[in-house]
Amino acid sequence: MNIGIVCYPTFGGSGVVATELGLALAKAGHGVHFITYKRPARLSHYQENVYFHEVTALDYPLFEYTPYDTTLTSKLVDVVRYEKLDLLHVHYAIPHATIAYLSKMILAEEGIDIPIITTLHGTDITLVGKDKSYAPVVEFSINRSDGVTAVSKYLRDLTYQYFDIKKEIKVIYNFIDFDRFKRVDKEHFRKAIAPDGERILAHTSNFRELKRVDNVIRIFKKVQEKIPAKLLLIGDGPTRQGLEELCRELKICNHVRFLGKIDAVEEILAISDLFLIPSANESFGLAALEAMACEVPVISSNVGGLPEVNIDGVTGYLSDFTNVDEMAENALKILSSDETLQKFRENAYAHARSFDIKHILPQYIEYYEKLIGAPVS
Ligand code: GMT
């Protein structure tokens with residue numbers, strides 16, 4: 001198949017999933033065309049069967065905002081026509097599902113029928129999509145997609161609840177590549193972070209308000225009062241400054257490292273003992289899955305799709321997202337003995353295995369083939 005992928009090229013979860021999916025499809029022999037305004041963050045190397053089409057816009061003094069929607073539509077029309085794409089898979093509904101539909105209509109005038117698949121990732125429904133400044137367009141565009149997938153049952157159900165959706169939404173979970181995310185013995189690295197055998201706690205995110213990284217720090221403070229521990233914070237974002245101030249206020253700066261944006265996040269996860277993700281909202285929680293693949297148990301909130309990933313009392317624990325005390329107690333339960341930690345590690349890894357890319361990729365391919373075989377008008 002010849003597949004077009006549209007996504008945000010940044011470090012956000014939807015862009016990561018779109019890029020990893022595209023790379024896996026290319027590895028399986030399909031032609032994959034990424035169409036976006038910048039090379040996606042995880043598309044740093046040359047790979048057979050992968051093409052990148054940059055969307056550039058003509059700047060004109062009249063425009064206060066460059067009309068990206070229009071330029072992306074034109075690019076999609078151009079790439080579908082000349083690269084003979086079989087389908088377009090767009091990630092994150094806003095504005096991609098709408099743009100894809102417009103391209104489809106333009107191409108239909110030339111007798112080209114291009115199936116569109118929209119994957120809903122989370123905030124395109126939960127936060128941004130349901131806002132009335134976007135909602136009517138989001139609802140229309142989802143209904144006009146030939147295929148729609150959501151990354152969790154939670155997100156599927158919420159989409160039906162918020163919008164009048166006439167399409168079947170197929171759940172295809174986020175996935176993990178076990179060749180990349182795995183536990184490796186890096187004792188020297190671990191020693192550099194935790195020279196006296198401290199437990200290592202980790203968190204990765206884009207440090208937006210909804211990730212509640214402040215509570216990651218508060219949970220860590222409580223854990224660190226009881227057992228020697230270090231906290232590694234990976235990522236960056238709008239709340240970073242306030243978080244550094246919170247560490248100073250709590251007098252734990254010596255035990256907390258802000259590592260910034262790191263591409264090889266698996267190297268940090270591979271030496272961690274516990275992952276913290278107390279988000280106020282999370283449609284799936286890819287970051288938690290990445291930790292579990294590296295045999296790291298998870299303390300998480302019980303919101304959104306997180307209960308589908310982190311199994312309470314088995315792979316970690318779930319709590320209300322504001323319940324810092326309970327999350328700290330549960331963290332201590334897991335870290336209390338090497339035997340308990342080991343049991344949670346094994347459970348986390350075993351459950352992560354069900355999200356192996358080897359199981360998830362065929363679900364996408366089967367869905368693509370179904371849509372190409374019988375395109376919806
Ligand atoms: O909010 C983010 O972290 C970015 C966001 C995105 O759409 O780029 O991530 C969402 O998509 C990921 C991949 O499907 C999911 O694993 C995340 O749970 C989801 N984030 C939220 O729902 C907040």
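Values as computed for the structure displayed
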item	result
Breaking point among (1) within 16 Å of the ligand (Cβ to nearest atom); (2) touching a strand residue (DSSP E or B) at 6+ places or on another chain (Cβ under 8 Å), for Lys104	(1)
Any hit, segment 324-346, residues being open to solvent by less than 10 Å² (accessible area, probe 1.4 Å), on the phi < 0 side of the Ramachandran plot and within 16 Å of the ligand (Cβ to nearest atom)	no
Residue list for segment 18-37, restricted to those being open to solvent by 10 Å² or more (accessible area, probe 1.4 Å) and either part of a helix (DSSP H, G or I) or among the polar types (S, T, N, Q) (or both)	Glu20, Leu23, Ala24, Lys27
Residue check for Thr56: in contact with a Phe, Trp or Tyr (Cβ under 9 Å, 6 or more places away or on another chain), modelled with pLDDT under 95 and part of a loop (DSSP other than H, G, I, E, B)	yes
Flag for Pro9 being within 15 Å of the ligand (Cβ to nearest atom) and either at pLDDT below 95 or part of a strand (DSSP E or B) (or both)	yes
Selection count where residues are touching a residue at least 12 places away in the same chain (Cβ under 8 Å), within 22 Å of the chain's Cα centre (by Cα) and open to solvent by 10 Å² or more (accessible area, probe 1.4 Å), scope segment 308-321	6
Residue count for segment 84-128, restricted to those that are in contact (Cβ under 8 Å) with a residue 60 or more places away in the chain, of a type in the set (D, E, K, R) and buried (at least 16 other Cβ atoms within 10 Å of the Cβ)	2
All strands (runs of 3 or more DSSP E) inside segment 76-190 with 3 or more residues being farther than 26 Å from Ala280 by Cα	87-91
Positions within segment 252-293 being hydrophobic (A, V, I, L, M, F, W, C), buried (at least 24 other Cβ atoms within 10 Å of the Cβ), within 16 Å of the ligand (Cβ to nearest atom) and not in a helix (DSSP H, G or I), in sequence order	Phe275, Leu276, Ile277, Phe284
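Matching residues to (1) on the phi > 0 side of the Ramachandran plot; (2) assigned to a loop (DSSP other than H, G, I, E, B); (3) more than 16 Å from the ligand (Cβ to nearest atom):
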position: Val16; (1), (2), (3): no, no, no
position: Pro40; (1), (2), (3): no, yes, no
position: Tyr65; (1), (2), (3): no, yes, yes
position: Thr71; (1), (2), (3): no, no, yes
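Here is a yes/no grid of residues against (1) within 16 Å of the ligand (Cβ to nearest atom); (2) charged (D, E, K, R); (3) open to solvent by 20 Å² or more (accessible area, probe 1.4 Å); (4) in the same structural domain as Ala293 (by TED's automatic domain parsing):
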{"site": "Tyr154", "(1), (2), (3), (4)": "yes, no, yes, no"}
{"site": "Asp164", "(1), (2), (3), (4)": "no, yes, yes, no"}
{"site": "Asn206", "(1), (2), (3), (4)": "yes, no, yes, yes"}
{"site": "Lys211", "(1), (2), (3), (4)": "yes, yes, yes, yes"}
{"site": "Arg218", "(1), (2), (3), (4)": "no, yes, yes, yes"}
{"site": "Lys221", "(1), (2), (3), (4)": "no, yes, yes, yes"}
{"site": "Ala229", "(1), (2), (3), (4)": "no, no, no, yes"}
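The values are calculated or read from the model by the stated rules, or taken from the named source; none is laboratory data. Since we're looking at a predicted model, the values are computed, not measured. Please note: Cβ atoms are built from the backbone with ideal geometry, for glycine as well, and neighbour counts cover all protein chains shown. Only protein heavy atoms, including side chains, enter the accessible area calculation; ligands, DNA and RNA are left aside. Shrake-Rupley method; radii C 1.70, N 1.55, O 1.52, S 1.80 Å.
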